[in-house]
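Peer 1: Mind looking over this structure? Questions follow.
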Amino acid sequence: MQNATSLKDFLTQKLPAALEVLRQMVGMNSFTANRDGVNRLGRFTAECFAPLGFTAETVPSVSPEYGNHLVLTRPGRSGRSIAMVSHLDTVFPPEEEVRNHFEWHPEGDLIYGPGTHDIKGGTAMIWLVLHALREVAPAVFEAMTWKLFWNSSEETLSHDFGDVCRHRFEGGTLAALVFESEGRLGGERLMVVARKGRGTWRITVDGRGAHAGSRHRHGANAILQLGQTLQRIATLTDYERDLTFNVATVSGGTVLNRVPHEAVAEGEFRAFTPEACARAKAALLAVAGAGDVRSPADRFPCSVRVEMLSESRPWPRNAETDRLAALWQQAGADLAMPVGVEQRGGLSDGNLLWDAVPTLDGLGPWGDNDHCSERSADGSKVPEFVEVTSFVPKAALNTVAILKLAEAK
Ligand SMILES: [Zn+2]
């Protein structure tokens with residue numbers, strides 16, 4: 001490999017083309033539910049990578065309302081493969097982009113716009129890194145089989161994408177590299193080595209309705225019971241163990257002269273290990289049954305039902321991921337760039353892949369305010385942006401680390 005200076009020179013020279021790719025991608029609305037927009041972005045993405053020798057496969061989502069997943073492959077001869085993972089969708093409906101004038105908007109070192117950071121900037125990073133690999137290490141680039149995966153609906157946590165990837169990973173897959181945003185701690189760039197799992201739930205309390213004037217003593221107040229049950233759920237949060245329960249929505253009752261017969265709440269829990277998630281779920285299910293709130297007249301009890309709405313498994317800290325992170329830290333040392341690791345609360349496609357092949361996340365550029373489209377006049381609220389000057393150093397880091405991975409036995 002040539003030295004670090006010529007790598008950075010190459011990346012600097014290539015950056016305007018990468019930003020042009022990004023500009024065009026940001027201009028295509030790809031809200032998860034905008035099926036046509038997601039598919040249009042998928043076609044454009046395939047075109048962008050075709051000159052590098054990639055051929056495209058589209059895989060329909062299990063949900064007919066979502067666009068196609070995209071898989072690009074460039075076969076090599078070595079029997080070894082590296083997977084790179086991004087997603088096509090964003091959280092911004094077209095009307096919201098128009099309403100908030102949220103579009104491609106460079107300002108100094110920042111570029112604002114939908115998906116600039118989450119995650120079209122990550123896709124531009126993949127494009128940049130593959131060009132750099134072809135330039136500085138053509139033999140490695142040719143020998144490796146490169147597989148690139150885009151989830152059409154990552155923002156809705158659709159699990160089918162995990163199977164799309166896992167069925168296409170080859171025996172010699174060295175890593176799944178996820179290009180979600182980088183973390184920062186002071187001057188340190190943080191790679192993501194673990195992510196929390198998440199369970200979402202609904203609690204439904206059935207009480208007994210009664211006339212609030214004449215039959216008050218016969219009522220079993222579902223809202224009072226729900227309040228008690230939610231207090232109990234709140235105490236399940238355990239910061240020491242990184243376990244959180246969030247009571248997120250609540251509703252109940254109908255009219256003011258009626259003791260409410262039903263009340264409903266929904267929420268989620270998150271934790272880093274499968275064991276902690278299993279304990280959290282068991283503790284949650286244990287609140288089901290007859291409640292303490294009863295009708296004063298005849299002790300009719302409210303009853304509490306618990307439903308799990310969804311379960312996303314955690315990506316726990318593990319040795320294979322740590323081995324990859326160590327390569328990125330060595331590459332950082334080579335480039336005089338401090339690199340650390342973090343465990344993140346939010347989910348990514350890494351949660352679906354880590355136990356199939358070694359997985360590392362956080363390889364995208366730096367930016368902030370993901371999932372925000374609003375700007376306030378006083379500047380206290382600004383929308384999602386990516387930092388332009390984070391691209392070249394991060395692409396250099398990813399390139400050097402991937403070469404280390406390719407050379408490792
Ligand atoms: Zn994302």
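Peer 1: Just to verify a result, which residue in region 197-224, among those that are in contact with a Leu (Cβ under 7 Å, 6 or more places away or on another chain) and of a type in the set (Lys, Arg), is farthest from the ligand (Cβ to nearest atom)?
Peer 2: By that ranking, first place goes to 202.
Peer 1: Within region 181-230, work out how many residues are over 32 Å from the mean Cα position of the chain (by Cα) and of a type in the set (A, V, I, L, M, F, W, C).
Peer 2: Residues meeting the conditions: 7.
Peer 1: Scan region 357-409 residue by residue and report those that are among the polar types (S, T, N, Q) and part of a strand (DSSP E or B).
Peer 2: 359, the sole residue that qualifies.
Peer 1: Sticking with this structure for a sec: Just to verify a result, which residue in region 157-180, among those that are within 14 Å of the chain's Cα centre (by Cα) and over 26 Å from residue 327 (Cβ atoms), is farthest from the ligand (Cβ to nearest atom)?
Peer 2: Once the filter is applied, the top-ranked residue is 159.
Peer 1: Turning to a different aspect of this structure: What pairs come up if the first residue lies in region 25-49 and is buried (at least 20 other Cβ atoms within 10 Å of the Cβ), the second is outside any helix (DSSP H, G or I) and modelled with pLDDT under 95, and their beta carbons are under 7 Å apart, counting only those six or more places apart or on different chains?
Peer 2: none
Peer 1: Then there is this: Return the residues of region 275-297 that are farther than 17 Å from residue 260 by Cα and surrounded by fewer than 13 Cβ atoms within 10 Å (Cβ to Cβ); say none if nothing qualifies.
Peer 2: 275, 282, 286, 289
Peer 1: Filter region 91-137 down to the residues that are among the β-branched types (Val, Ile, Thr) and in a loop (DSSP other than H, G, I, E, B), then identify the one that is nearest to residue 16 (Cα to Cα).
Peer 2: Ranking the candidates gives 116 first.
Peer 1: When you scan region 254-269, do you find a residue that is touching an Asp or Glu at 6+ places or on another chain (Cβ under 9 Å), surrounded by fewer than 16 Cβ atoms within 10 Å (Cβ to Cβ) and not aliphatic (A, V, I, L, M), even just one?
Peer 2: So far as region 254-269 goes, yes, one or more of its residues are touching an Asp or Glu at 6+ places or on another chain (Cβ under 9 Å), surrounded by fewer than 16 Cβ atoms within 10 Å (Cβ to Cβ) and not aliphatic (A, V, I, L, M).
Peer 1: Shifting gears a bit: Evaluate the following for residue 276: is it in contact with a helix residue (DSSP H, G or I) (Cβ under 7 Å, 6 or more places away or on another chain) and more than 27 Å from residue 208 (Cα to Cα)?
Peer 2: Taking the combined requirement at face value, the residue satisfies it.
Peer 1: What number goes with the only condition from (1) farther than 30 Å from residue 105 by Cα; (2) away from the ligand (no atom under 16 Å from the Cβ); (3) polar (S, T, N, Q) that residue 398 does not pass?
Peer 2: Status for residue 398: all satisfied but (1).
Peer 1: Mind counting the residues in region 138-156 that are more than 15 Å from the ligand (Cβ to nearest atom), among the charged types (D, E, K, R) and in a helix (DSSP H, G or I)?
Peer 2: The number of residues fulfilling the criteria is 1.
Peer 1: Please go through region 318-348 and pick out each residue that is under 21 Å from residue 196 (Cβ atoms) and aliphatic (A, V, I, L, M).
Peer 2: Listed by number, the residues that qualify are 319, 324, 325, 341, 347.
The values are calculated or read from the model by the stated rules, or taken from the named source; none is laboratory data. These numbers were taken from a predicted model, which means no experiment stands behind them. Virtual Cβ from ideal backbone geometry, glycine too; neighbours counted across all protein chains shown.
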